[in-house]
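What follows is a single structure, written as structure tokens, with notes after it.
The values are calculated or read from the model by the stated rules, or taken from the named source; none is laboratory data. Just so it is clear, the structure is predicted and the values come from calculations on it, not from any experiment. In this analysis, Cβ positions are derived from the backbone assuming ideal geometry, glycine residues included, and neighbour counts consider all displayed protein chains. Ligands, DNA and RNA are excluded from the accessible area calculation, which covers all protein heavy atoms including side chains. Shrake-Rupley method; radii C 1.70, N 1.55, O 1.52, S 1.80 Å.
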Amino acid sequence: MPPVKPAQRILDLPAYLFAELDRAKAELRAQGKDVIDLGIGDPDLPTPAPIVEELKKRAEDPANHGYPSYEGLPAFREAAARWYGRRFGVELDPATEVVSLIGSKEGIAHLPLAYVDPGDPGLFTDPGYPVYRVSIAFAGGIPAALPLKRENGFLPDLDAVPEDLARRAKILFFNYPNNPTAACADLDFFEKVVSFCRRHDILACHDAAYTEIAFDGYRPPSLLQVPGAKEVGIEFHSLSKTFNMTGWRAGFCVGNPRAVAALGKVKTNIDSGLFQAIQYAGVEALDRGDRIPLELSGIYQKRRDMVVKALRGCGLEPLVPRAAFYIWCPVPGKGSSREFSRKLLLESGVVVTPGVGFGEHGEGYFRITLTQPDERLREALLRIQRVSETLW
Ligand SMILES: Cc1ncc(COP(=O)(O)O)c(C=O)c1O
């Protein structure tokens, strides 16, 4: 039988930009070289013990062994609503304004199926989390990138969106604190988003995965703090970075009840909810409140200071983040971000992510993550310093 041709949506996926880097990484490792990966945003520290203990206890209870409810246990949704109330002063109805997710990626990837018809444009910020573009395309929509430029503080210029595009667009994905630039948005910007989306009948989809990792006392806001935001917006939140739970796959979407219900409807047809024992562990995490992410932020802040100082010492000009665990840094010299990352890896064994991997508007930058233990980070910085004189 001839091999079946994959669907066009798979064939249309952009070339995997990290393939070359992955190959070089594998080759170095095969040669026995010690590679330090500052490319992946996956916390090195474990999930706090009380959360793990709660999972163990709940996993032993047969009541949690069946199919979970699609929209999430009331206990989980209530905990998410309590947390929003405490953290942002935003009131949510757990019955209609919260839905559990199998990680926020799952919700982001499925949301366009609820709102984007074939041929509809979907707006997203670029550079950005690659799932925005792909999920719009998978729904048959037309991904329309809004460039994030340094001169605008890496915020999209909504006034520059052509009227015709804005009129036809169905959704807008955006994300602050931002991955990869680590830029932050204040409530003024969120107000602009709300009025733009209201004017053009667009669903504002804010990816808030990094609101809890922030430095120097800064507390990133929620889109839903803007009066009226719930009429046009939803917000995705994740337990992954806030509580070192990336492997657990737990998140939630909150906001506009119609949009929450529409996303829930997609999910009832695709997945069967989040393991209840994980949801109970999530309740434990959310009810513990701020202490865990505040402690984590303290650790990342020290690492940020160490990395920024060392990079400056090598003649680089990193942007100093106020939140998220990423350092966004202009590529030195004239080469592309891919060439730079490749050379750096081959010469020093340190992996950094080329900015273009996050979209064409990420060209000219590279990203370093702060999710390696201090001593590994220190070693990586020493190696970068050693090669800096020959590479730039
Ligand atoms: C900007 C952004 N959004 C969403 C996610 C997805 O997080 P999760 O699916 O673990 O909740 C990530 C993960 O790296 C991210 O960087």
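Summary table below
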quantity	calculated
Residue tally, condition within 16 Å of the ligand (Cβ to nearest atom), of a type in the set (Gly, Ala, Ser) and closer than 17 Å to Lys230 by Cα, over the range 62-102	1
Qualifying residue in the range 275-284 (condition: acidic (Asp, Glu), touching a helix residue (DSSP H, G or I) at 6+ places or on another chain (Cβ under 8 Å), surrounded by fewer than 19 Cβ atoms within 10 Å (Cβ to Cβ) and in a helix (DSSP H, G or I))	no
Complete set of residues in the range 362-387 that are within 17 Å of the chain's Cα centre (by Cα) and in a helix (DSSP H, G or I)	Gly362
Test for Asp290: is it within 24 Å of Pro46 (Cβ to Cβ) and at pLDDT below 95	yes
Filter result (closer than 19 Å to Thr96 by Cα, surrounded by fewer than 18 Cβ atoms within 10 Å (Cβ to Cβ) and in contact (Cβ under 8 Å) with a residue 12 or more places away in the chain) within the range 218-252	Gln225, Gly228, Glu231
Condition check for Ile142: in contact (Cβ under 8 Å) with a residue 24 or more places away in the chain and among the hydrophobic types (A, V, I, L, M, F, W, C)	no
Members of the range 88-118 found to be among the small types (Gly, Ala, Ser) and touching a residue at least 24 places away in the same chain (Cβ under 8 Å), listed by number	Gly89, Ser100, Gly103, Ser104, Gly107, Ala109, Ala114
Odd one out for Lys334, checked against (1) open to solvent by less than 20 Å² (accessible area, probe 1.4 Å); (2) without any contact (Cβ under 8 Å) to a residue 60 or more places away in the chain	(1)
Qualifying position, being touching a Gly at 6+ places or on another chain (Cβ under 9 Å), open to solvent by 60 Å² or more (accessible area, probe 1.4 Å) and at pLDDT 95 or above, among Glu375, Glu363, Glu379	Glu363
The one condition in (1) touching a residue at least 24 places away in the same chain (Cβ under 8 Å); (2) open to solvent by less than 80 Å² (accessible area, probe 1.4 Å) that Gly85 fails to fulfil	(1)
Of all residues making up the range 36-82, the number that are under 20 Å from Ile213 (Cα atoms), surrounded by 18 or more Cβ atoms within 10 Å (Cβ to Cβ) and not polar (S, T, N, Q)	9
In the range 108-127, residue farthest from the ligand (Cβ to nearest atom) [restricted to those that are of a type in the set (Gly, Ala, Ser) and touching a strand residue (DSSP E or B) at 6+ places or on another chain (Cβ under 7 Å)]	Gly119
Some residue of the range 253-267 being open to solvent by 50 Å² or more (accessible area, probe 1.4 Å), touching a Phe, Trp or Tyr at 6+ places or on another chain (Cβ under 7 Å) and either within 16 Å of the ligand (Cβ to nearest atom) or not in a loop (DSSP other than H, G, I, E, B) (or both)	no
Tally, over the range 94-142, of residues that are in contact with a Ser or Thr (Cβ under 9 Å, 6 or more places away or on another chain) and farther than 18 Å from Glu235 by Cβ	4
Checklist (1) part of a helix (DSSP H, G or I); (2) under 20 Å from Val254 (Cβ atoms); (3) touching a strand residue (DSSP E or B) at 6+ places or on another chain (Cβ under 6 Å); (4) within 16 Å of the ligand (Cβ to nearest atom) applied to Lys105, failing item	(3)
Counted residues, the range 1-24 - those being in a helix (DSSP H, G or I), surrounded by 10 or more Cβ atoms within 10 Å (Cβ to Cβ) and in contact with a Lys or Arg (Cβ under 9 Å, 6 or more places away or on another chain)	3
Complete set of residues in the range 25-41 that are in a helix (DSSP H, G or I) and over 12 Å from Ser348 (Cβ atoms)	Lys25, Ala26, Glu27, Arg29, Ala30
The range 190-217 residues that are of a type in the set (S, T, N, Q) and open to solvent by less than 20 Å² (accessible area, probe 1.4 Å), paired with ones that are more than 16 Å from the ligand (Cβ to nearest atom) and assigned to a loop (DSSP other than H, G, I, E, B) (beta carbon under 8 Å, 6 or more apart)	Thr211/Pro221
Close pairs from the range 298-312: first open to solvent by 10 Å² or more (accessible area, probe 1.4 Å), partner outside any helix (DSSP H, G or I) and acidic (Asp, Glu), Cβ under 8 Å, at least 6 apart	Gln301/Asp216
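Rundown of residues vs (1) touching a helix residue (DSSP H, G or I) at 6+ places or on another chain (Cβ under 7 Å); (2) away from the ligand (no atom under 16 Å from the Cβ), yes/no style:
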position	(1), (2)
Gly140	no, yes
Cys184	no, no
Phe196	yes, yes
Phe215	yes, yes
